[in-house]
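For reference, the structure discussed in these notes is given below.
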Amino acid sequence: MAPEALLSHLHRADGSATYTHNGYCIIGAVNGPIEVQRRDELPEEATVEVNVRPAAGVGSPKERHLETLLHNTLRSIILTRVIPRTLVQITLQVRSLPDEEGAAGVHPSLLLLPHLLHTSLLALLSASIPLSTTLTSVLIAIPSSPTSKSGAPLVSPTATDLLRAKPIRSVHVFAFSGDNRLLLNESDGVFSFDVWDEACETAEEACCREEGGVGLVGEGMEVDGKESANLEEWLRVVVRRKVEHEQRWKVAT
Amino acid sequence: MATTTQSQPKPALSFPRSIFAAVSPHPFLQAHLTASTPAKAPLRANGRTAQEFRVPGVNTGSLTHCNGSAVVRLGNTSVVCGVRAEILKAEDAQGGGSDYTPTAEGDDDPERDTVEIGNLRLLVPNVELSTGSTPQHIPGSAPSTSAQTLITRIRSLLLSTHLLRLADLLIQYAPPAIDPDDPDAEPEKQVKAYWVLYIDIFFISIDGNAFDAAWLSALAALKDVRIPHAFWDEELETILCSDNPADARSLTLRGLPIPATFAVFEGRRDWDEEGEGEEINWVLSDPDAFEESVCRESVCVVVDCSAGRGSKGKKGPKDAVLRRIEKSAQRERVSFEHVGRPDTSGCWMIRSSARAVDLEIGALIES
């Protein structure tokens, strides 16, 4: 099931995106490049500021941790040196969480992290911030099977899937850049190096596997309706739709 | 980068060491790593080889007013951790607490223990940076993002490793058998209160690798904890603690997860000139503050080697269990494949050194 994305729907922000997937709904807004406070100004690069607002209540240390992770990841894909002495401000508001989230017995921040990454990337794209690459991110959960060996990995499971597959042995979040490099990894639980390797392989497939060589540009159009396309293709489709929408006058006349 | 001081054979302008480091930190470290002859392992600016960890110093039980405490030093990073146990009455417990109580030693359920400990908030870690511990820290302001990140990482690692047993933190009361017909009937134990562990981690100075130091101090302090014997007094209807030190007991921790942090240093960061020059990257273990400021990518691996300890009392590297990997992003040149794939040397380096550190520190804390 592909995530749903709505781009540039907030008119006062430079860029915005609403992202819905597996019961998670997040609104992201990007302002930038804007003026930076003297104290945060960096002489050679842009300052990136990430604010995560939880679905209920005010931010806690948990959100600060997520902000740190997002900040490190996004700073490495934004071409910060192209826009020095400016600020790129990313605000992410979690709108809704799946009901079963708390009961899944998995670290909730990890479940949220891939969705936050996607939302922030879409918002950055919508704001036309210069990026060096795109990113795709996925959650892999490895349930424990009756035997001591780990079970088959679940790719981007819903909260209900996790609940059904309980107990979960380990959870891994991977983020890959457009050129298939691993940008971020958060793994938690009990696992071995082999299990990690397998999870990484699965994640790479889900994010940016190329099927049968380099696909033609026209082929991507069919991805729309099809299921189980990889996330990078999904991202391309979202961006293509945005561009088509923006160019509709130009195309029509 | 405009500074090309290291590539010139005879620099027209030369700086003393400290000024070179301050003016252009990146070339400074790169010059250090490349300067040595091929036969010798490259040395970092702090005199260590790339794989070398600082030898940790652990001193436990130094604070009098704590149930357990530890001072850990990693080079110039020094941290004090004190664990204080306080009683939380069952009726005051947040969320009410479910009826789940671990009864015997036999049915040990780490998952449920952790859920319960998390719901009741029986573990309260806190990180504080002292004034002057690091130049980035401004005293008198609210806890910085980095401190809050550290707290979150420590709390989630404490929970996800299932380190503590709920049975250790319960204060139970077994009422005398009332039923005269069936005197053998085992009276049901009631949970009267819980022990809440306040884990306060105080940084005296930070010279890189704050997480490892904080976690080691918390672990050593938890190993050092002695909780007095507490019991429900029926007549006074309150909880009393025995003042006999012989009654006190220590916590039985599950495993001994040890973190190892690495920084990835990218040589030659002329990122706007595509495909120019070969990539040289170094994986630096246990980075200090200077290296952390230069390196953008870092990897933290938490390993537990204690599970496979058999009757021989020997721990092999085969027994290592990973508890967590955290890898932060960087500029895209290096990928984690160096770490993840067995065919590259970096992988084995991180794997083996993470294990070596685990064995070494495990021995240190247990002694």
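The values are calculated or read from the model by the stated rules, or taken from the named source; none is laboratory data. On a predicted model such as this, the values are computed, not experimentally measured, just so you know. A quick note on method: Cβ atoms are made from the backbone with ideal geometry, for glycine too, and the neighbour counts reach across all protein chains shown. Surface accessibility is based on the protein's heavy atoms, side chains included, excluding ligands, DNA and RNA. Shrake-Rupley method; radii C 1.70, N 1.55, O 1.52, S 1.80 Å.
Computed over chain A with a Gaussian network model linking Cα atoms closer than 10 Å, the most mobile of A:A103, A:A206, A:A159 is A:A103. The heavy atoms of B:D212 offer some 10 square angstrom of accessible surface to a 1.4 angstrom probe.
Inter-label distance, B:D243 to B:V124: 2.6 nm, where each label sits 7 Å from its Cα along the C-beta direction.
Shape descriptor for segment B:155-265: Rg over Rh equals 1.14 (Cα atoms; Rh from the Kirkwood inverse mean 1/r).
Computed with a 1.4 Å probe over protein heavy atoms only, the accessible area of A:Y24 comes to about 10 Å².
The contact residues of segment A:62-76, meaning those that lose at least 50 Å² of 1.4 Å-probe accessible area when all protein chains sit together rather than their chain alone, are A:R64, A:H65, A:R75, A:S76.
Among the trypsin sites (Lys or Arg not before Pro) found in segment A:90-192, those both in a DSSP coil and sparsely packed, with 14 or fewer other Cβ atoms within 10 Å of their Cβ, are A:K149.
The GNM of chain A, with springs linking C-alpha atoms under 10 angstrom apart, assigns the highest mean-square fluctuation among A:S132, A:S192, A:S120 to A:S192. Computed in the context of the full set of protein chains, the accessible area of segment A:4-252 at 1.4 Å probe radius has 51% of its extent on carbon or sulfur.
When A:H115, A:H245 are compared by accessible surface with a 1.4 Å probe, the order from highest to lowest is A:H245, A:H115.
Can you give the calculated 222 nm mean residue ellipticity of chain A, where each DSSP H run of n ≥ 4 adds -39,500 (n - 2.57) and the sum is split over every residue, rounded to the nearest 500 deg cm²/dmol?
Dividing the helical sum by the residues of chain A leaves -10000 deg cm²/dmol.
Remark: accessible area buried at the A-B interface is about 3300 Å², both chains counted, probe radius 1.4 Å.
For the peptide B:135-145, the mean number of other protein chain Cβ atoms found within 10 angstrom of a residue's Cβ is 1. Per-residue Karplus couplings for segment B:286-295, computed as 6.51 cos²θ - 1.76 cosθ + 1.60 with θ equal to phi - 60°, are listed in order as 6, x, 8, 4, 5, 5, 4, 6, 8, 8 Hz, Gly and Pro entered as x. Per residue, the accessible area of segment A:4-252 comes to 47 Å² when a 1.4 Å probe rolls over the protein heavy atoms. The orientation-averaged projected area of the convex hull spanned by the Cα atoms of chain A comes to 15.7 nm². Ranked from largest to smallest solvent-accessible area, with a 1.4 Å probe on the protein heavy atoms, B:D243, B:D286, B:D233 come out as B:D243, B:D233, B:D286. The B:Q136 and B:F231 beta-carbon pair, evaluated with R₀ = 45 Å, returns a calculated FRET efficiency of approximately 0.40. Residue by residue, segment B:15-27 carries 3J(HN,Hα) couplings of 10, x, 3, 5, 6, 3, 4, 6, 6, 9, x, 5, x Hz when phi is fed to the Karplus relation 6.51 cos²θ - 1.76 cosθ + 1.60 (θ = phi - 60°); x denotes Gly or Pro.
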